[in-house]
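Here's the structure, in structure tokens; my notes come after.
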Amino acid sequence: MANRFFEGAAHAAAYAKFRPLPPISLVERIVSFAKETQAEPLTGAADVGCGSGQSTEILSPYVKAVTGLDVSDAQVLEARKLSKHPNVSYKVSPAETLPFPDKSLSLVTSCQACHWFDMPAFYKEVDRILVPGGVLALYGYLFPKPIHKDYADDLYNLIDHLYKEQLKGYIHQGSKEVYLGKYGDEKYTLIYKDQLRDESHYVDKTATVAELTGYLTSWSGFQNFRAKNGDEAAQKILETFQDRFLKTLKVTTAPEETSIDLRFHYFLLMGRKPLE
């Protein structure tokens with residue numbers, strides 16, 4: 001895993017608190033695809049680049065044993081603290097050397113993370129550890145879209161402007177490949193012929209404006225800006241965003257007291273290893 005933007009303890013905590021949970025419909029789509037060629041329940045799964053475990057814990061009801069892997073000690077520590085299922089465990093590991101025997105797992109997933117991987121090395125490892133008929137699922141989500149009867153587009157444009165303009169020059173190319181490109185770049189082309197893309201899933205989340213701002217701090221681009229310009233400059237960006245957001249909503253309540261509905265649209269790429 002060549003880039004390591006999510007290793008600080010504070011950043012890991014923000015990631016855990018503000019990032020969305022994958023929609024159940026998406027997880028069930030992955031599992032149903034895997035069960036087309038495998039017995040139920042699935043025997044083992046790895047969630048690579050698991051972060052604080054949102055995309056790992058959700059696999060628990062469908063797989064006998066789930067392992068979340070991340071290169072960051074801080075993220076794995078956060079995931080262990082938050083873990084609620086006895087069949088889920090976490091390990092510190094890069095994506096390019098996965099700690100599993102050959103042909104041992106039914107499923108490998110990665111949510112909003114593989115743009116940080118060395119993809120050829122990752123694909124080679126996935127092919128090594130998947131059983132015949134095993135499934136690789138890569139997925140991610142786009143910027144949250146505010147749901148509002150009057151100001152949805154204006155509110156979304158504030159998020160878009162922060163990413164594309166105010167943080168311009170601080171956004172890593174990999175981040176653009178997920179948020180803007182939906183893993184459409186050639187390097188994400190799956191290694192298996194039996195594959196599909198599904199962009200029908202989304203999850204809605206109600207958050208305060210303060211919590212939405214907290215989500216923005218989990219962006220690697222914001223973390224890069226903060227590292228290079230200091231806390232004061234980073235705080236000013238956040239305060240400006242909040243002020244504009246509240247003015248657009250035409251409210252006078254505090255960010256912590258102002259709620260907004262958000263919709264996270266997901267995209268999913270899946271491929272199946274050939275049966276022997």
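What to note about this one:
- Filtering 86, 120 for residues that are at pLDDT 95 or above, within 26 Å of residue 179 (Cβ to Cβ) and open to solvent by 60 Å² or more (accessible area, probe 1.4 Å) leaves a single hit, 120.
- Exactly one residue out of 165, 177, 211 is without any contact (Cβ under 8 Å) to a residue 12 or more places away in the chain and part of a helix (DSSP H, G or I), and it is 165.
- Residue that is touching a helix residue (DSSP H, G or I) at 6+ places or on another chain (Cβ under 9 Å), closer than 24 Å to residue 228 by Cβ and hydroxyl-bearing (Ser, Thr, Tyr), where the choices are 141, 90, 151, 170: 170
- When 39, 34 are checked against the criterion of being modelled with pLDDT of 95 or more and within 15 Å of residue 130 (Cα to Cα), 34 stands alone in meeting it.
- Only listed residue being within 27 Å of residue 205 (Cβ to Cβ) and acidic (Asp, Glu), chosen from 73, 118, 47, 102: 47
- Matching residues in segment 130-142 - criterion: being surrounded by fewer than 22 Cβ atoms within 10 Å (Cβ to Cβ) and either of a type in the set (A, V, I, L, M, F, W, C) or without any contact (Cβ under 8 Å) to a residue 40 or more places away in the chain (or both): 131, 142
- Taking segment 52-70 as the range and being modelled with pLDDT under 95 and in contact with a Lys or Arg (Cβ under 7 Å, 6 or more places away or on another chain) as the test, only 54 passes.
- Filter result (of a type outside the set (D, E, K, R), outside any loop (DSSP other than H, G, I, E, B) and more than 22 Å from residue 134 (Cα to Cα)) within segment 180-204: 202, 203
- Segment 240-276, residues that are in a helix (DSSP H, G or I), of a type in the set (D, E, K, R) and open to solvent by less than 90 Å² (accessible area, probe 1.4 Å): 243
- Note on segment 23-62: among residues that are of a type in the set (A, V, I, L, M, F, W, C) and open to solvent by 30 Å² or more (accessible area, probe 1.4 Å), the one that is nearest to the chain's Cα centre (by Cα) is 24.
- Scanning segment 183-206 for residues that are closer than 9 Å to residue 269 by Cα, buried (at least 16 other Cβ atoms within 10 Å of the Cβ) and among the aliphatic types (A, V, I, L, M) turns up just one, 190.
- If you go through segment 93-117 and pick out every residue that is more than 21 Å from residue 21 (Cα to Cα) and either modelled with pLDDT under 95 or surrounded by 14 or more Cβ atoms within 10 Å (Cβ to Cβ) (or both), you end up with 11.
- Search result, residues across segment 63-78 that are open to solvent by 10 Å² or more (accessible area, probe 1.4 Å) and under 18 Å from residue 139 (Cα atoms): 67, 70
- Unique residue being in contact with a Cys (Cβ under 9 Å, 6 or more places away or on another chain), modelled with pLDDT of 95 or more and hydrophobic (A, V, I, L, M, F, W, C) when the list is 138, 167, 130: 138
- Matching residues in segment 218-236 - criterion: being assigned to a helix (DSSP H, G or I) and surrounded by fewer than 19 Cβ atoms within 10 Å (Cβ to Cβ): 224, 227, 228, 229, 231, 232, 233, 234, 235, 236
The values are calculated or read from the model by the stated rules, or taken from the named source; none is laboratory data. Quick caveat, the model's predicted, so the values are computed rather than measured. Positions of Cβ are backbone-derived with ideal geometry, glycine not excepted, and every protein chain shown enters the neighbour counts. Each accessible area value is taken on the protein alone, full model and side chains, heavy atoms only, with ligands, DNA and RNA left out. Shrake-Rupley method; radii C 1.70, N 1.55, O 1.52, S 1.80 Å.
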